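The values are calculated or read from the model by the stated rules, or taken from the named source; none is laboratory data. For clarity, every value in this text was computed on a predicted model and none was experimentally measured. Cβ sites come from the backbone with ideal geometry, for glycine too, and all protein chains shown count toward neighbours.
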Amino acid sequence: MRLPAVAQRFGVSLFAVGLLALPALGASAPKEAAIERAAARITAASAFEIVETLASPAMEGRLSGTAGYAKAVDFIVAEVKKAGLGPLAELPDYRQPFTHGLGGVESATLTVLPAEGEKDDVPADAVVLKDWCPMVNGGSGDVTTEVVFAGFGIHAPEAGHDDYANLDVKGKVVLVLRGEPETGDWQDHRSTVARTLAAANAGAAGFFLVDSAVLSTSVGISRDLPEAMVSEAFADRLLAGKKLTVAELRKILSKGGLASFPTGRRIRLAVRAKPWRDVTTHNIVAVLPGSDPALKGEYVLVGAHLDHIGDWPRLNPGADDNASGSASLLEVARAAASLKARPRRSIVFVWFAAEELGLRGAEHFASHPPKGLEKCVAVLNLDMLGAGNGLYIAGGENFPQIRAAMEGARDRLVPGFVLKAGRIRGEGRADHAPFFERGIPAVSLFGTGGEHHGYHAPEDTVYFITPKTMESGGRIVLGAALALAEEKP
Ligand SMILES: [Zn+2]
């Protein structure tokens with residue numbers, strides 16, 4: 001049992017407290033000065049130190065289900081315990097286990113073969129991390145075949161758009177661009193998974209995706225189809241025989257036009273994936289119990305994904321994505337634990353596993369909510385707080401009460417810090433989504449106003465982190481979480 005703040009301050013004995021008429025419910029809420037003191041414990045230096053630990057080679061890029069990820073879990077659990085936060089009764093070691101499939105790349109080569117009729121054109125090996133990168137959890141395959149361009153890779157004849165119409169991709173490698181026509185509703189077709197499935201269903205033997213000018217990797221879905229991201233410059237090389245560029249094609253496609261054609265360019269694509277197996281991984285859950293017996297069953301969830309994309313072909317430190325959010329969350333949890341008085345509702349801190357493999361950890365938590373905590377009133381998910389000079393609140397326009405809590409905390413704790421709010425729909429590329437889909441007010445917070453350097457690439461290192469964003473963002477999240485946990489029902 002924990003003594004109420006007043007009792008602690010005056011050294012009142014437990015026995016004496018029992019005799020006191022207890023104050024009205026909610027009267028034990030943290031005072032503004034105490035919140036300010038707690039917020040001041042969240043510092044750029046301390047947050048940065050956590051990022052350094054999580055992004056270190058020992059953590060192997062924190063791919064969910066690997067030994068490196070387990071090390072990150074051990075580190076966070078130890079720190080949470082040290083901070084004095086308790087676990088859920090049902091998860092006494094703070095770990096919420098679940099299983100997911102895991103593959104991984106064993107080896108991968110991509111060779112551009114001489115174009116027909118061009119005698120001087122010699123085979124050229126594409127360079128991993130410059131020209132291309134196989135996807136995490138993509139499949140195996142060794143094919144020598146032609147590359148076929150298939151627009152945005154959207155198969156939606158019912159919506160009047162089919163990039164695969166009159167296109168033979170059987171046994172070929174399909175090249176598609178991320179994007180969608182400016183008009184129309186492409187919600188069911190825009191994910192990497194949907195685009196990959198469309199290619200697989202059309203009979204493709206391989207799948208290339210051009211994301212943006214910067215090469216990053218992504219997560220595949222298939223066990224028997226090699227999948228890779230390719231850089232825009234490399235895609236331009238594949239398209240050169242048709243005298244077209246990605247930029248030109250993107251313009252045509254954005255206007256709703258179709259541009260699907262064989263490129264005439266042959267390649268050899270050979271990817272060997274690690275054997276697919278089921279692995280056990282863990283979310284981490286810690287609780288600050290609410291002070292009001294009638295409301296402590298309700299909770300505010302503050303979360304961040306702890307996992308990243310692993311270490312193939314070399315370390316992906318994931319300093320920004322999402323050591324920064326995980327570090328900010330630990331700072332918020334430590335600061336909240338330092339408060340003697342508690343808000344009425346509980347605050348639950350969750351480090352999610354397997355976000356990079358398709359929001360698996362958040363999905364597992366949302367579908368297995370803690371027993372005895374019957375209602376989640378708000379979710380604040382911290383994702384990539386390592387860049388910029390402000391926070392973008394994805395969902396802030398959907399949930400004005402969360403936005404107001406954030407802005408109120410900003411005005412009190414970090415005046416002038418930039419907060420931007422946006423609207424979200426069903427599509428979720430962050431861990432708020434499984435909660436949002438269940439009707440829970442849920443937002444994701446991203447650093448804004450700066451470059452997220454080296455997204456999903458080995459360049460996402462501590463050297464590009466802006467620790468002040470974690471400090472300011474963390475302080476605001478602490479203030480907002482406490483306000484939401486205290487708000488009148
Ligand atoms: Zn990521």
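Details
- A search for C-beta distances below 6 Å between a residue of the stretch 32-46 that is assigned by TED's automatic domain parsing to the domain that holds Ser328 and part of a helix (DSSP H, G or I) and any residue that is surrounded by fewer than 17 Cβ atoms within 10 Å (Cβ to Cβ) and not aromatic (Phe, Trp, Tyr), counting only pairs 6+ apart in sequence or on different chains, returns Ala38/Ser338; Ala44/Lys468.
Okay, residues lined up against (1) among the basic types (Lys, Arg); (2) part of a loop (DSSP other than H, G, I, E, B); (3) out of contact with any helix residue (DSSP H, G or I) (no Cβ under 9 Å at 6 or more places or on another chain):
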position: Gly257; (1), (2), (3): no, yes, no
position: Asp278; (1), (2), (3): no, no, yes
position: Val287; (1), (2), (3): no, no, yes
position: Ala294; (1), (2), (3): no, yes, yes
position: Tyr299; (1), (2), (3): no, no, no
position: Val302; (1), (2), (3): no, no, no
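- Any hit, the stretch 345-366, residues being touching a residue at least 12 places away in the same chain (Cβ under 8 Å), more than 16 Å from the ligand (Cβ to nearest atom), among the charged types (D, E, K, R) and surrounded by 22 or more Cβ atoms within 10 Å (Cβ to Cβ): yes
- Taken together, Ser291, Ser324 contain a single residue that is within 16 Å of the ligand (Cβ to nearest atom) and of a type in the set (Gly, Ala, Ser), which is Ser324.
- Scanning the stretch 101-120 for residues that are of a type in the set (A, V, I, L, M, F, W, C) and surrounded by fewer than 19 Cβ atoms within 10 Å (Cβ to Cβ), we see that the one that is modelled with the highest pLDDT is Leu113.
- Where a residue in the stretch 190-211 is in the same structural domain as Thr109 (by TED's automatic domain parsing) and its partner, wherever it lies, is among the aromatic types (Phe, Trp, Tyr) and part of a helix (DSSP H, G or I), with Cβ under 9 Å and at least six apart: Phe208/Phe234; Val210/Phe234
- Per the conditions (1) more than 27 Å from the chain's Cα centre (by Cα); (2) closer than 25 Å to Gly428 by Cβ; (3) of a type in the set (Asp, Glu), the sole criterion not satisfied by Asp211 is (1).
- Some residue of the stretch 467-486 being assigned to a loop (DSSP other than H, G, I, E, B) and either in the same structural domain as Arg412 (by TED's automatic domain parsing) or at pLDDT 95 or above (or both): no
- Evaluation of Thr263 against the conditions (1) in a helix (DSSP H, G or I); (2) closer than 18 Å to Glu146 by Cβ; (3) not aliphatic (A, V, I, L, M) shows that the sole unmet condition is (1).
- On inspection, Glu106 passes the criterion of being among the acidic types (Asp, Glu) and touching a strand residue (DSSP E or B) at 6+ places or on another chain (Cβ under 9 Å).
- Some residue of the stretch 130-139 being of a type in the set (A, V, I, L, M), closer than 25 Å to Thr53 by Cα, buried (at least 21 other Cβ atoms within 10 Å of the Cβ) and not assigned by TED's automatic domain parsing to the domain that holds Gly372: yes
- Count of the stretch 304-314 residues which are within 14 Å of the ligand (Cβ to nearest atom) and either touching a Cys at 6+ places or on another chain (Cβ under 8 Å) or outside any strand (DSSP E or B) (or both): 4
- The residues listed here are Phe75, Phe98; of these, the one that is among the aromatic types (Phe, Trp, Tyr), out of contact with any strand residue (DSSP E or B) (no Cβ under 8 Å at 6 or more places or on another chain) and modelled with pLDDT of 95 or more is Phe75.
Results for (1) closer than 20 Å to Thr43 by Cα; (2) free of Cβ contacts under 8 Å to residues at least 24 places away in the same chain; (3) not in a helix (DSSP H, G or I), shown as yes or no for each residue.
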{"position": "Asn398", "(1), (2), (3)": "no, no, yes"}
{"position": "Ala405", "(1), (2), (3)": "no, no, no"}
{"position": "Asp411", "(1), (2), (3)": "yes, yes, no"}
{"position": "Gly416", "(1), (2), (3)": "yes, yes, yes"}
{"position": "Leu419", "(1), (2), (3)": "yes, no, yes"}
{"position": "Ala430", "(1), (2), (3)": "no, no, yes"}
{"position": "Phe435", "(1), (2), (3)": "no, no, no"}
{"position": "Gly447", "(1), (2), (3)": "yes, no, yes"}
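- Test: residue in the stretch 308-323 that is polar (S, T, N, Q) and within 20 Å of the chain's Cα centre (by Cα): yes
- In the stretch 383-432, the qualifying residues are those that are within 16 Å of the ligand (Cβ to nearest atom) and of a type in the set (D, E, K, R), and the one that is nearest to Lys468 (Cα to Cα) is Asp383.
- Some residue of the stretch 77-95 being assigned to a strand (DSSP E or B) and loosely packed, with under 13 Cβ neighbours inside 10 Å: no
- Only listed residue being free of Cβ contacts under 8 Å to residues at least 60 places away in the same chain and among the polar types (S, T, N, Q), chosen from Thr280, Thr245: Thr245
- Scanning the stretch 316-367 for residues that are closer than 23 Å to Pro30 by Cα and among the acidic types (Asp, Glu) turns up just one, Glu331.
- Entry remark, the stretch 106-164: residues being in a strand (DSSP E or B), within 30 Å of Gln187 (Cβ to Cβ) and not charged (D, E, K, R) number 12 in total.
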